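The values are calculated or read from the model by the stated rules, or taken from the named source; none is laboratory data. Just so it is clear, the model here is predicted, and its values are computed rather than measured. Backbone-built Cβ (ideal geometry, glycine too); neighbour counts: all protein chains shown. Just the protein is used for accessible areas: all its heavy atoms, side chains included, with ligands, DNA and RNA removed. Shrake-Rupley method; radii C 1.70, N 1.55, O 1.52, S 1.80 Å.
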Amino acid sequence: MAIQTLLAARLFDGTGDVEIQDAFIQIEDGKVKAVGRRADLGSASANARDLGDATILPGLVNMHTHLTLSGSMQCLHDALYDTYEIKMMRAVEHARQALESGVTTIRDCGTLNPIIFSIREASKAGLITAPHVWASGDVLTSTGGHCYFFGAECDTVDDVRKAVREQVKAGADFVKVMATGGGLTPNTNPREAQFDREAMRAIVEDSKRLGRHVAAHCHGTPGIYNAIDAEVRTIEHCSFMVPNGVKYEQEAADGIAEKGIYVCPTIGVGERARQHMEDQGIPNPFAATRHQRIDDMRKLVASGVKFVSGNDAGVTMTGFDDFQLDLELLVEHIGMSSADAIVTATGRAAEAIGSEEFGTLQPGRRADVLAVHGNALDDIGALRKIMVVMKSGEVVVDRT
Ligand SMILES: [Zn+2]
């Protein structure tokens, strides 16, 4: 395949260290061949495509999605009553939306095994327009526990070991466990743990043995402590819920930082629903805890906890084409620089997944490339002004 060369006013490589003005990127055989300054390109610049006042950066990695969930106000109803075929069609459509909005990799944190692993293979084979997929498939949850409708229900240490093995056998890239209940699922308790410490340890041990990471959904603080004790790879949400509300615990933050556990705060989840309810004058029980949650997330970052970004796409009013909202909120509310926010969805996301194949524009990595109008390092809003999306060197969106 011929070498493709793009030029732009700036390039950000996703590691957080490299920002090049008047930059080029060369792509060959679906991989990044080189990045550098245009001046160093010499005669090779003659065949280059100049994007002008644009930012070239790695394609985004959405670290938390559920491809079959509808994202509607009736998302639980849809999950329970959609036919299997409708779920599959939703997943195909959502995957397309994600890729066309600049998300070149999704880490799916819970979708029925046959659907998600088929989407992953169809994406690989080029049968559908979809990002690269890194998927857990069915989640490990307790009997009747959070998201049991796409879950492997398991309770005891023996159960959970078998569930891990069955998931790996089915094709799971990582293991997702619902360490606490969740808001979406009736008759679960988000504030309490769903598994005891022994079961959580067994999940992580057996996953490690099989070369898989564990992502733990944690709203309640008891679940957060269990996840820290078991040394999961990522904690999802990290909501610090206690029986009478929300209470940040520095001891937990320190434990997370010390063990190098990544937190995916899903910071934008509920944001569009909140805006919608405010516009309609509908009372919103979560509005009261919103400021506290933002404050807690700031404290986590200040404690040295490494954030990755995922928006929980598929849950109530949370879109697959709206992942940029999470990065905007990190800048607006947590006070991150645009560059740091982008790192949570590029270089650090790949690091949390444990891959050196994507996530940055270093030579040899997959050419998953995003180009946007303007300067995304000054203005995070520029991430929505998409010019080009490339997946493994192939142009899937071209709006130049
Ligand atoms: Zn989720």
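Numbers below:
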quantity: Integer Hz, Karplus 6.51/-1.76/1.60 couplings in order for the stretch 294-301, x for Gly and Pro; calculated: 4, 4, 5, 5, 4, 5, 4, 4
quantity: For ARG10, distant residues with modelled amide H under 5 Å away; calculated: ASP22, ALA23, ALA54, ILE56
quantity: Lys pairs, the chain - Cα-Cα below 25 angstrom, 8 or more residues apart or on other chains; calculated: 26
quantity: Shape box of the stretch 322-400 [Cα atoms, principal axes, largest first, Å]; calculated: 34, 33, 20
quantity: Helix 221-230 vs. the chain, principal-axis angle (Cα, 0 to 90°, nearest 10); calculated: 70
quantity: Contact order relative to length of the stretch 187-308, as percent, for alpha carbon pairs under 8 angstrom and 6 or more apart; calculated: 22
quantity: For the stretch 295-350 and the stretch 230-259, distance of Cα centres in Å; calculated: 17
quantity: Dimensions in Å of the stretch 1-125 - Rg and Dmax from alpha carbons; calculated: 19.3, 60
quantity: Solution diffusion estimate, µm²/s, Stokes-Einstein, the chain, Kirkwood Rh from C-alpha pairs, 4 °C, viscosity 1.567 mPa s; calculated: 61
quantity: The stretch 266-337: chymotrypsin sites (Phe, Trp or Tyr not before Pro) falling in loop per DSSP and having at most 16 other Cβ within 10 Å; calculated: PHE286
quantity: Solvent-accessible area, 1.4 Å probe, carbon plus sulfur percent, for the stretch 283-372; calculated: 52
quantity: Residue-normalised accessible area of the chain, expressed per residue, 1.4 Å probe, Å²; calculated: 39
quantity: Where labels lie 7 Å past Cα in the beta-carbon direction, separation of LYS33 and LYS169 in nm; calculated: 4.6
quantity: Portion, in percent, of the accessible area of the stretch 1-121 that falls on carbon or sulfur, probe 1.4 Å; calculated: 50
quantity: Highest-first arrangement of 257-266, 181-190, where packing means the average Cβ count within 10 Å; calculated: 257-266, 181-190
quantity: Approximate shape of the stretch 59-143 as ellipsoid semi-axes (Cα gyration tensor, √5λ), whole Å, largest first; calculated: 20, 14, 13
quantity: Contact order normalised by residue count of the stretch 292-392, Cα under 8 Å, 6+ apart, percent; calculated: 20
quantity: Among SER309, SER45, SER123: highest mean-square fluctuation, GNM of the chain, C-alpha pairs under 10 Å; calculated: SER45
